[in-house]
């Protein structure tokens, strides 16, 4: 078990190094000269090349690339992510201010879609027939709709026509309802598919046949024997959804003008605000890697058979 | 596949129908072909200029001149939708072809060369797959600036590792099969084996992988264009059309319903087609 946890943590560390390399190279290839920009900020319109060179030396931009990387990495690890080109505020502060809103959005979405999606998936797998067809059709349609469009339709119906809920979602229980509903529908569609597929798979396994042979009622066969074994892939998907939603809800946050990290990222991309964009990419990647590792370790605890196999297939 | 019990309940006429066309793949392929044909020929047949504005005729209802009405600038919605179809499908095709080629090159090179190169490539691909693809794509667009080229580049750059991983394991599994050994035994070179023998044998799975990714790619392109991170405004693109219609959609919902429906229906058809294709390629897979 210690070896399993250790190898997962090592893998995560490897991915994080890759993330840092990508972010650093993006910073380096970004168009525009940061020294020029800063010199212009200090000295007004006309900047001599000597001033630019001075700033370059000050920022360490004339040092070898690996030294620059080391300096950047130590800054990043201390959460010193630079300042926004637009608002002049530290990137870490901008993200910290918006993180709770995104966290609440992702947590509520995952909670609701799990509460609905897992039972629906199990039911669809256990009953097949018309319920199965209905659930599958619904999840196909939901997965094929662009989320921005679904958000706008929801605003049109519930905010403009019925006037039940606000069209602009602030960080409050009332404001959360519509964005959470839109995101939960999509997440649920995915979860239904995965749950259904894995339960159908486990229902065909020998131990289920044995349980049926012993004369257990079908309900107990499904709940005790099939669902328990289908848990691992389902938990993996839930963890993945949560981590993806932390930053990946950007489109829905944008439509509802929700004050989350995703909207910050989109706005920064539109403005070409490189420090904020990279901060957003770093946050989303680190969140995904950390959550994935935790989920993998949890699944290893739940299901001993995947522990040795992990190191081979991963 | 439909189980035996469900099949028996079907009316006789339908059952005969099923027997003559043994697989739903043909149906979805035919419908998808219609969509593609519409995108290819539509703008040639319906020649109204998609960018001609007419401020006296804003939000017009359906008429002979404008079968689907007009948008907030008095532009013909049908012409814009057809142009948008072409742009969306061509862009998605470019992203998928580039990702497939990149994935094939990296995946099969890693599989064929083996050793430390293979390990490094596999690690790199796994690492890239552990990143949030759409967020990294957003990052690339934020750094390199918005526009169609950057968008296609960003989606390709974040999409190829998935292909590479699948193709690598595919080639590893395939090259151990007897026909490869036989080809080698009669003196065929590596390149010849790759092109003449491996190629045709992995073409099916490659097509399945590409088709599976098509729906998600169309949605990704539309989402970035909606956010204003893709094609610039006057160009008719489905996602951008929804964004443009946003200002007036409370009074004129049709201007965003139409392009949104176009995306949804296209992606549904594409997804059903790719599901059917996967089932046809692997008939023993459980559904």
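General remarks:
- Just one residue in the set A:149, A:164 is within 29 Å of residue A:266 (Cα to Cα), more than 11 Å from chain B (Cβ to nearest Cβ) and touching a helix residue (DSSP H, G or I) at 6+ places or on another chain (Cβ under 8 Å); that residue is A:164.
- Test: residue B:154 is modelled with pLDDT under 85, farther than 15 Å from residue B:108 by Cα, in contact with a helix residue (DSSP H, G or I) (Cβ under 7 Å, 6 or more places away or on another chain) and within 14 Å of another protein chain (Cβ to nearest Cβ): no
- Looking only at the stretch B:157-178, and only at residues there that are under 16 Å from the mean Cα position of the chain (by Cα) and away from chain A (no Cβ under 13 Å), the one that is farthest from residue B:227 (Cα to Cα): B:163
- Residue A:105 under 20 Å from residue A:229 (Cα atoms) and modelled with pLDDT of 85 or more: no
- Helices (runs of 4 or more DSSP H) wholly inside the stretch A:199-301 containing at least 2 residues that are within 14 Å of chain B (Cβ to nearest Cβ): A:228-248, A:250-255, A:261-271
- Qualifying positions in the stretch A:117-137 - away from every other protein chain (no Cβ under 12 Å) and either touching a strand residue (DSSP E or B) at 6+ places or on another chain (Cβ under 7 Å) or crowded, with 16+ Cβ neighbours inside 10 Å (or both): A:117, A:118, A:120, A:121, A:122, A:123, A:126, A:135
- In the stretch A:204-233, the residues that are crowded, with 22+ Cβ neighbours inside 10 Å and farther than 25 Å from residue A:108 by Cα: A:222, A:226
- Answer residue from the stretch A:142-163, given it is assigned to a helix (DSSP H, G or I) and surrounded by fewer than 16 Cβ atoms within 10 Å (Cβ to Cβ) and is nearest to the chain's Cα centre (by Cα) among those: A:157
- Taking first residues from the stretch B:110-129 that are within 12 Å of another protein chain (Cβ to nearest Cβ) and partners that are buried (at least 17 other Cβ atoms within 10 Å of the Cβ) and at pLDDT 85 or above, the Cβ contacts under 6 Å between residues at least 6 apart in sequence or on separate chains come to B:125/B:161; B:125/B:164; B:125/B:165; B:127/A:15; B:127/A:18; B:128/B:161; B:129/B:161.
- Test: residue in the stretch A:38-53 that is touching a helix residue (DSSP H, G or I) at 6+ places or on another chain (Cβ under 7 Å), away from every other protein chain (no Cβ under 14 Å), modelled with pLDDT under 85 and not in a helix (DSSP H, G or I): yes
- From the options A:65, A:95, residue that is more than 16 Å from residue B:143 (Cβ to Cβ) and within 14 Å of chain B (Cβ to nearest Cβ): A:95
- Close pairs from the stretch A:209-223: first more than 11 Å from residue A:126 (Cβ to Cβ), partner assigned to a helix (DSSP H, G or I), Cβ under 7 Å, at least 6 apart: A:211/A:221; A:211/A:225; A:212/A:221
- Enumeration of residues in the stretch B:236-250 that are more than 9 Å from chain A (Cβ to nearest Cβ) and surrounded by fewer than 20 Cβ atoms within 10 Å (Cβ to Cβ): B:247, B:248
- Qualifying position, being buried (at least 17 other Cβ atoms within 10 Å of the Cβ), within 14 Å of chain B (Cβ to nearest Cβ), outside any loop (DSSP other than H, G, I, E, B) and at pLDDT 80 or above, among A:7, A:25, A:20: A:20
- Test set (1) touching a helix residue (DSSP H, G or I) at 6+ places or on another chain (Cβ under 7 Å); (2) in contact (Cβ under 8 Å) with a residue 60 or more places away in the chain; (3) in a helix (DSSP H, G or I) - residue B:279 fails condition number: (1)
- Condition check for residue B:203 on (1) part of a helix (DSSP H, G or I); (2) away from chain A (no Cβ under 11 Å); (3) more than 23 Å from residue B:122 (Cα to Cα); (4) free of Cβ contacts under 8 Å to residues at least 60 places away in the same chain: one failure, at (3).
- Against the test of being surrounded by fewer than 18 Cβ atoms within 10 Å (Cβ to Cβ), closer than 29 Å to residue A:261 by Cβ and in contact with a helix residue (DSSP H, G or I) (Cβ under 7 Å, 6 or more places away or on another chain), the options A:59, A:105 yield a single qualifying residue, A:59.
The values are calculated or read from the model by the stated rules, or taken from the named source; none is laboratory data. None of the values given here were measured: they were computed from a predicted structure. Quick reminder, even Gly has a Cβ in these numbers, built from the backbone with ideal geometry, and neighbours come from all protein chains shown.
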